[in-house]
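Notes follow the structure.
The values are calculated or read from the model by the stated rules, or taken from the named source; none is laboratory data. Quick caveat, the model's predicted, so the values are computed rather than measured. FYI the Cβ positions are ideal-geometry reconstructions off the backbone, even for glycines, and counts take in every protein chain you see.
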Amino acid sequence: MVPLEYYLVVAGIIFTIGMIGVIVARNIIIIFMSIELMLNAANLAMIAFSRNLGSMGGHVMVFMIMTVAAAEAAVGLSIIIALFRNRDSANIDEVNLMKW
Amino acid sequence: MDSAIAPYLFYLFSFVVVVSGLLVVTLRDIFHCALFLILCLFSVAGIYVLLGADFIAAVQVLLYVGAIAVLMIFAIMLTAKVSGIGIKQQNEQVPIAIITTVAFVAIALYGLGKTIWNIKTDVAIPDNTTMAIGKLLMTTYVVPFEIVSVVLLAALIGAIVIARRN
Amino acid sequence: MSFPNVDFALLSPSLIVCITALLTMLLVPFLGEKRQVVVAHLSWIGLSIALFAVSQQIGKNATTFGGMFLGDDFSQFFSGIFIVAAMLTIFTSIDYLRRKENEHGEYYPLILFATYGMMVMASSSNLLVIFLGLEIMSVSLYVLAGFARTELKSTEAAIKYFLLGAFATGFTVFGIAFVYGVTGTFDVAGIINAAFGQSNVDTFLIIGSALLLIGFGFKVAAVPFHMWAPDAYEGAPSPITGFMSAGPKAAAFAAMLRIFSVGFGSTVPHLQTLFWIVAVATMTVGNIIALRQNNIKRMLAFSSIAHAGYILIALVVGTGEASSAAALYLLAYALTNLGAFMVIALVDSGAKHDEFTSIDTYTGLARKRPFLGLALTLFMLSLAGFPPTAGFMGKFVLFKAAVSQGFYVLIVIAVLNSLVSVFYYLRVVVKMFMTEPDGQPVEVPAVPVFLMVALAFAVAAVLLIGVYPQGWFNFAGLSILGAN
């Protein structure tokens, strides 16, 4: 049986990769993908904890997080499309009408 | 899943998750990024199976791989002008990222070494997690289950309002 | 396993808000383009019924759904703040949207959904439910921030608000995962028990709490997670900026007080130090950058960051008295800021785009329109913390609670910060009383009747809390004690 720590290390690595992606990416859609990576890391940690604790609460939470992620994706991508219509770019550097 | 090959599968899936995750944030062509994101999310579903979370693994494939990733590819197609090959995808905040990452990893490793986990191995999660989750959603977690529908509704209206043409 | 008991009376305030949102949303397509304003009126009527329902639940301090949904006075007090904030925002928006030629009825159901999310956040001590409430609120607000979707600034505000908000969600969820992993529960009371039960508090509980703090820090715009606030505040439609500064801030603080202050915060070491640093950094950075702003919405964004810093003092102190002081402060701040944004929205609506948000626009306003000028002066004085306004009373009780626990250095820094803030608030007041410059004068529209009612209410409330705080403070004090 793979110990809990291994799963947590994987979750930590994905979370960190996602965090780096949000900070360094230029394209809004890539920033958004990185955020999805962070959420996946949290979900993975939650499921690993859930097995460790022998409790199903974590599974319910993950189910909710996935639903919320889908909702956020719908709203976020529609905002990106609205922005694109206004200025023909999906790069965060060019979203600079106001000081970033 | 507690068979002999489980650890090897775990290493395989973890390797794919980490490598494809790295590719998502480093590749230049945004369309390739999206494809590697799908691979990454798919491998996470594999790890869920190893953890005995069959329902969550199925939802992961349906929702993340099936819905969110496709939605992203839609967005990439609709904003196609910027998805060309060779555009540098990183901005100038790389030093900030390095500092944040080092700090975060240091704290996490420190925590990992110090924590005594509240392990209750005598309680195993049920074989059929779908039924258990269904029961929980209808009893203990009925409030969140109702509330999450409002999240979806608000997002639905919001997405329509903001993306429609005049 | 059995279906939990349901106390519908306790649920009634949030249910009424949610049902109003659903009904008005269904009504939108059946109303013609010219009659979208009906939705606004139905919305505020629904909200006033919900406010009545809240008043009926005060003092009950009951729970329902097996403790998932709390109806204590703490949640009723905050629900009251959210409902009033939503009503005042709707009154401000009716004329604003018409003048900006952006009269789409979906605006009002989205405000109601956001209000519902805030009420859920304040009415649970379960991390899962708090998270879902936070998401309902956030998703609605991302859209509202970008509601003027043909305006570049508005969509930019929406995308920045969205990206940073989703980033914060990542931290919140990871934090919840760690707290759950160490304690095995999402319920704050259960978490306290589990944390106390162990001989040494786990490092991962500290990390989990810190991650939660980062997540909520983004929502209240605490330094260093404040980057989104100025842009989101500047670009969003003015009534929504007012709403964003009042409602979500109060909701996020309600959840933080519930989680950290009356919750498991005290059991986690190092957390108080972390709050101390964040509080000082937040108030100082907010006030200093606000000094340089020329756009009034941007200035109030930094002012709102600074106020978040003051309220964080309550989390440093961590006593029941400090929590009730924070509740009173949030009420005072919400009313004051909503009032200020009524005037700002009115001035802003004089132009179709957003040319009228610079502080120079306000030159001579008090001479031309004495009532508007005096009202904005009152709100600025309240934000700066002059007696006899609500802002003074909020600061007074909060600082008193901190001093009684011996946090002298913190309060000295906070008072110095308040002094700095006087400069930029008074700059607006001075401009308003100056003579109008040559060149084209700014045309401020006549005050529509609903805005007049709302403005009069805000002025009266700010003065009432300032002059007679005792009743409010008793209520706020009671409300926190109920949560313990």
May I ask you to list pairs of residues, at least six apart or on different chains, whose Cβ atoms are under 6 Å apart, with the first in region C:272-298 being in contact (Cβ under 8 Å) with a residue 24 or more places away in the chain and the second being in a strand (DSSP E or B)? C:294/C:358; C:295/C:358
Of the numbered conditions (1) facing chain B (nearest Cβ under 7 Å); (2) touching a helix residue (DSSP H, G or I) at 6+ places or on another chain (Cβ under 6 Å); (3) modelled with pLDDT of 90 or more; (4) within 23 Å of residue B:10 (Cα to Cα), residue A:73 satisfies every one except a single condition; which is it? (4)
Residue C:155: passes all of (1) modelled with pLDDT of 90 or more; (2) buried (at least 24 other Cβ atoms within 10 Å of the Cβ); (3) at the interface with chain A (Cβ under 9 Å from one of its Cβ atoms) but (1)
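Quick one: is residue C:345 at pLDDT below 85, in contact with a Phe, Trp or Tyr (Cβ under 8 Å, 6 or more places away or on another chain) and in a helix (DSSP H, G or I)?
Values: at pLDDT below 85: no; in contact with a Phe, Trp or Tyr (Cβ under 8 Å, 6 or more places away or on another chain): yes; in a helix (DSSP H, G or I): yes.
Here the answer is no, as residue C:345 does not meet what is asked.
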Tally the residues that are in a helix (DSSP H, G or I) and within 13 Å of residue C:14 (Cβ to Cβ), restricting the search to region C:53-84. 10
Does residue C:88 qualify as being away from chain B (no Cβ under 14 Å), buried (at least 24 other Cβ atoms within 10 Å of the Cβ) and modelled with pLDDT of 90 or more? yes
Residue among C:175, C:215, C:184 that alone is farther than 24 Å from residue A:72 by Cα, free of Cβ contacts under 8 Å to residues at least 60 places away in the same chain and not aromatic (Phe, Trp, Tyr): C:184
Which residue out of A:47, A:30, A:65, A:80 is out of contact with any Phe, Trp or Tyr (no Cβ under 9 Å at 6 or more places or on another chain) and either modelled with pLDDT of 85 or more or more than 7 Å from chain B (Cβ to nearest Cβ) (or both)? A:30
Looking only at residues in region B:1-25 that are surrounded by fewer than 16 Cβ atoms within 10 Å (Cβ to Cβ) and not hydrophobic (A, V, I, L, M, F, W, C), which one is modelled with the highest pLDDT? B:11
Can you find, within region C:202-242, the residue that is surrounded by the fewest Cβ atoms within 10 Å (Cβ to Cβ) among those that are more than 10 Å from every other protein chain (Cβ to nearest Cβ) and not in a helix (DSSP H, G or I)? C:224
Subset of region A:1-27 [part of a helix (DSSP H, G or I), among the β-branched types (Val, Ile, Thr), at the interface with another protein chain (Cβ under 7 Å from one of its Cβ atoms) and out of contact with any strand residue (DSSP E or B) (no Cβ under 9 Å at 6 or more places or on another chain)]: A:10, A:13, A:14, A:16, A:17, A:20, A:22, A:23
Complete set of residues in region C:55-74 that are aliphatic (A, V, I, L, M), farther than 10 Å from residue C:7 by Cα and in contact with an Asp or Glu (Cβ under 8 Å, 6 or more places away or on another chain): C:58
Yes or no: region C:56-73 includes at least one residue that is among the aromatic types (Phe, Trp, Tyr) and more than 14 Å from chain B (Cβ to nearest Cβ). no
Could you list, in sequence order, the residues of region C:343-369 that are free of Cβ contacts under 8 Å to residues at least 40 places away in the same chain and of a type in the set (D, E, K, R)? C:355
Count, please, the residues in region B:92-130 that happen to be surrounded by 14 or more Cβ atoms within 10 Å (Cβ to Cβ) and either at pLDDT below 65 or of a type in the set (Asp, Glu) (or both). 3
With C:323, C:303 as the choices, which residue is crowded, with 24+ Cβ neighbours inside 10 Å, of a type outside the set (A, V, I, L, M) and closer than 18 Å to residue C:242 by Cα? C:303
Working only within region C:127-152, note down all residues that are in contact (Cβ under 8 Å) with a residue 60 or more places away in the chain, closer than 23 Å to residue C:78 by Cα and either of a type in the set (Lys, Arg) or facing chain B (nearest Cβ under 8 Å) (or both). C:129, C:133
